[in-house]
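Worksheet: one structure, shown below.
The values are calculated or read from the model by the stated rules, or taken from the named source; none is laboratory data. The structure presented is a predicted model; accordingly, all values stated were derived computationally and were not measured. All Cβ positions, even for glycine, are placed from backbone atoms using ideal geometry, and neighbour counts span all protein chains on display.
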Amino acid sequence: MARILGVDIPRNKAMKIALQSLYGVGPKVAMDVLAASAIDPNKSSNDITEEEVQLIRKHLEEGHVVEGDLRREIGLNIKRLKDMACYRGVRHRKSLPVRGQRTHTNARTRKGPAVAIAGKKSIKSLK
């Protein structure tokens with residue numbers, strides 16, 4: 001099993017798919033790296049040699065921000081927004097959607113599970 005940038009590449013997958021297990025590597029970046037390394041995108045991750053792994057690692061480190069560096073960069077960007085107290089930073093701080101989505105009925109992923117309001121009772125008509 002090959003390790004690239006501290007991540008184990010999955011076995012029995014085409015290299016164009018296996019490289020996407022790295023954080024920050026999508027279909028386009030995976031194909032670009034494989035083309036620059038002159039590796040067949042449909043080659044199985046089991047059949048890759050150590051020299052090819054070194055080529056892939058070299059191209060990823062030179063031309064792309066991936067894994068820990070990308071996570072750190074994103075975290076610092078969010079921290080900067082929070083410190084500025086701009087609108088997006090305040091939304092991050094309150095764990096609400098940042099990009100203008102509605103919150104009245106949706107946004108359960110961002111807001112977390114629904115919590116019942118204690119003591120709220122339905123109003124019944126008096127007859």
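Quick notes on this structure:
- A single entry from 56, 74, 39, 9 fulfils the requirement of being aliphatic (A, V, I, L, M) and assigned by TED's automatic domain parsing to the domain that holds residue 91: 74.
- When restricted to residues that are among the aliphatic types (A, V, I, L, M) and assigned to a loop (DSSP other than H, G, I, E, B), the range 1-56 contains 9.
- Scan of the range 1-18 for residues that are within 15 Å of residue 61 (Cα to Cα) and either of a type in the set (D, E, K, R) or modelled with pLDDT of 95 or more (or both), ordered by number: 3
- Selection within the range 62-121 - under 27 Å from residue 7 (Cβ atoms) and in contact with a Phe, Trp or Tyr (Cβ under 9 Å, 6 or more places away or on another chain): 66, 67, 68, 70, 71
- Scanning the range 94-110 for residues that are surrounded by 13 or more Cβ atoms within 10 Å (Cβ to Cβ) and either modelled with pLDDT of 95 or more or within 19 Å of residue 75 (Cα to Cα) (or both) turns up 96, 97, 98, 110.
- Test result for residue 24, out of contact with any strand residue (DSSP E or B) (no Cβ under 6 Å at 6 or more places or on another chain) and under 30 Å from residue 96 (Cβ atoms): yes
- Pairs, first under 14 Å from residue 110 (Cβ atoms) in the range 81-92, second among the polar types (S, T, N, Q) and exposed (fewer than 15 other Cβ atoms within 10 Å of the Cβ), C-beta under 6 Å, six or more apart: none
- Test: residue 68 is surrounded by 12 or more Cβ atoms within 10 Å (Cβ to Cβ) and within 17 Å of the chain's Cα centre (by Cα): yes
- Residue 45 vs. criteria of a type in the set (Ser, Thr, Tyr), touching a helix residue (DSSP H, G or I) at 6+ places or on another chain (Cβ under 7 Å) and surrounded by 15 or more Cβ atoms within 10 Å (Cβ to Cβ): yes
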